[in-house]
Amino acid sequence: MEKYVPNRDEAFALFKEYNSNDSLLKHALTVEAVMLHFAEILGESDKEKWRIIGLVHDLDYEMYPDQHCTKVVEILKEKNWPEDYIHAIASHGWNICTEIEPVERMEKVLYTIDELTGLITATALLRPSRSILDTTVASVKKKWKQKGFAAGVNREIIEHGAQMLGLDLDYIIEETIKGMQKVAEEIGLKGNL
């Protein structure tokens, strides 16, 4: 039997089957866009795979918050998703809610930018424009230092991810912003620019 490989529409339908929360949907679209952006700038051949993994990475979060990154494995195995997709999705919770370590470059990018998109979103929403379109690396770095700001964002994970990738943190922030800017309207961050 040929292995099933999901397309973007199927992945999105599956995500919506398990999630109705608007902020989770916007986060999924954010991470999808950033994963696609990184696939493009890193010259990856299977950009669709990167984007789909970004889109469904929090599939189990709304319905099964206590089983995050473990329930998704069960769901996707039942749906006959490829093992490498499942591993990538589960690995973004490494040392948080799973022991599955990110090994592939795609997995390390997801692990790094998942938390980072939260910090960037919070930074953008505090700008006078409430927009990602004029959000800068400097503005994100300024908020980064304020421990009380977006306190739920684990900055150590982002730093560790950048080290695993061997990429400069400022570069990762800059490219994450660029990826988010491509979908500013869909993720509610176009603001009043």
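Taken together, the values in this text are just the output of simple stated rules run on the coordinates, not laboratory data. In this text, all values refer to a predicted model and were calculated from it rather than measured experimentally. Cβ atoms come from the backbone with ideal geometry, glycine included; neighbour counts cover every protein chain shown.
Quick notes on this one:
- Model label points for Glu104 and Asp84, set 7 angstrom from Cα along the Cα-to-Cβ axis, are 0.4 nm apart.
- The chain: most fluctuating residue of Asp60, Asp114, Asp84 per GNM, C-alpha cutoff 10 Å: Asp84
- GNM result for the chain, Cα springs below 10 Å: residue of Gly93, Gly54, Gly43 fluctuating most strongly: Gly43
- Added length on full extension, which subtracts the Cα-Cα distance from 0.36 nm per residue, Arg8 to Glu185: 61.8 nm
- Its Cα gyration tensor gives the chain an equivalent ellipsoid; the semi-axes, largest first and in whole Å, are 26, 18, 16.
- With the simple model of a label 7 Å out from the Cα in the direction of the Cβ, Leu24 to Leu126 spans 2.7 nm.
- Residue separation of Ile41 and Ala138 scaled by 0.36 nm, minus their Cα-Cα distance, works out to 32.8 nm of gained length.
- Gaussian network model of the chain, Cα within-10 Å springs - most flexible of His27, His160, His57: His160
- With a Förster radius of 35 Å applied to the beta-carbon distance between Asn192 and Gln163, the computed FRET efficiency rounds to 0.40.
- Where GluC sites (Glu not before Pro) fall in DSSP loop in the stretch 1-43, at most 12 other Cβ within 10 Å: Glu2
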